[in-house]
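This report refers to the structure that appears directly beneath it.
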Amino acid sequence: METSRPVLFVAGGSRGIGAAVCRLAAVRGFDVVVHYQSRSDRAEAVAREVRAAGGRASTVSGDVRNAGAVAAAFEHAQRNLGPIHALVYSAGITGAASTLAHATPDVMQDTLDTNVMGALLCCQAAVRTMANTSGNRSIVLVSSGAATLGSAGEFVWYAASKGAVDSLTLGLSREVAPLGIRVNAVSPGLTETELHAQSTGEPGRAARLAPSIPLGRAAAPEEIAEPILWLLSEAASYVTGAILRAAGGR
């Protein structure tokens, strides 16, 4: 079913940065797999935007923390759109903000399972299929500026999970370079998404922290999607193992 348009699998594609990636990817010539956890209505809305921009689109659900669910999602995607050429891992949570002393084990475990194990499982599935696909093949992981800032007093476990994503980026990039697969990460700073309300429990967090950003504001999701699409493109054909910070100077 391979077409002239490469197929991009976006884990966490129904909202925030992931949804912005799906929309921009369609404009840049990709067919898009919009992966989601539970909100099929939002995933379908993003898929409609992809189709309106000229791309084919398929939606697929699955728990990124579960190896069987991830494998099934990739198999479903390939049956519908064909071989996968690229992966963006944008699924992620923070858990409610607190100090480490007051965080519950469940919050920390859920964050690590989603942000780290999910990334590992999706990368594993992507590499297995990309090894049999020709052309420009690329993985971009969505990390966070928190990996180097630490998120003290809010969610240091989240920062730790993104530090693991950075390590995954470096290690996997070297492991699969001989296969011609590139692996990079984009490390956003404060971004205006629903994550603040849904995960941290503070809808106004972006506005509260905006003065601490040298550029004086939070990013729009589309501003993070742009460097992600650049890393996926042939323009970045000699870039692998890079962690591109998009944090407004912070």
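The values are calculated or read from the model by the stated rules, or taken from the named source; none is laboratory data. Keep in mind the model is a prediction, meaning the values are calculated, not measured. Neighbour counts run over all protein chains shown; Cβ positions are idealised from the backbone, glycine included.
Overview of results
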{"quantity": "Residues of region 97-125 that turn out to be out of contact with any Phe, Trp or Tyr (no Cβ under 8 Å at 6 or more places or on another chain) and either closer than 19 Å to His35 by Cβ or touching a residue at least 12 places away in the same chain (Cβ under 8 Å) (or both), as a count", "calculated": "9"}
{"quantity": "Number of positions in region 21-60 that are outside any helix (DSSP H, G or I) and closer than 19 Å to Cys123 by Cβ", "calculated": "8"}
{"quantity": "Options Leu231, Leu209, Leu215, Leu244; residue that is within 18 Å of Ala159 (Cα to Cα), among the hydrophobic types (A, V, I, L, M, F, W, C) and either out of contact with any helix residue (DSSP H, G or I) (no Cβ under 6 Å at 6 or more places or on another chain) or assigned to a loop (DSSP other than H, G, I, E, B) (or both)", "calculated": "Leu209"}
{"quantity": "Tally, over region 193-226, of residues that are surrounded by fewer than 20 Cβ atoms within 10 Å (Cβ to Cβ), at negative phi and modelled with pLDDT of 90 or more", "calculated": "8"}
{"quantity": "Subset of region 26-40 (residues that are closer than 17 Å to Ala91 by Cα and at pLDDT 95 or above)", "calculated": "Val32, Val33, Val34, His35, Tyr36"}
{"quantity": "Check on Ala96, surrounded by fewer than 16 Cβ atoms within 10 Å (Cβ to Cβ), modelled with pLDDT under 95 and in a loop (DSSP other than H, G, I, E, B)", "calculated": "yes"}
{"quantity": "Subset of region 61-87 [in contact with a Cys (Cβ under 9 Å, 6 or more places away or on another chain) and either part of a loop (DSSP other than H, G, I, E, B) or modelled with pLDDT under 95 (or both)]", "calculated": "Val64"}
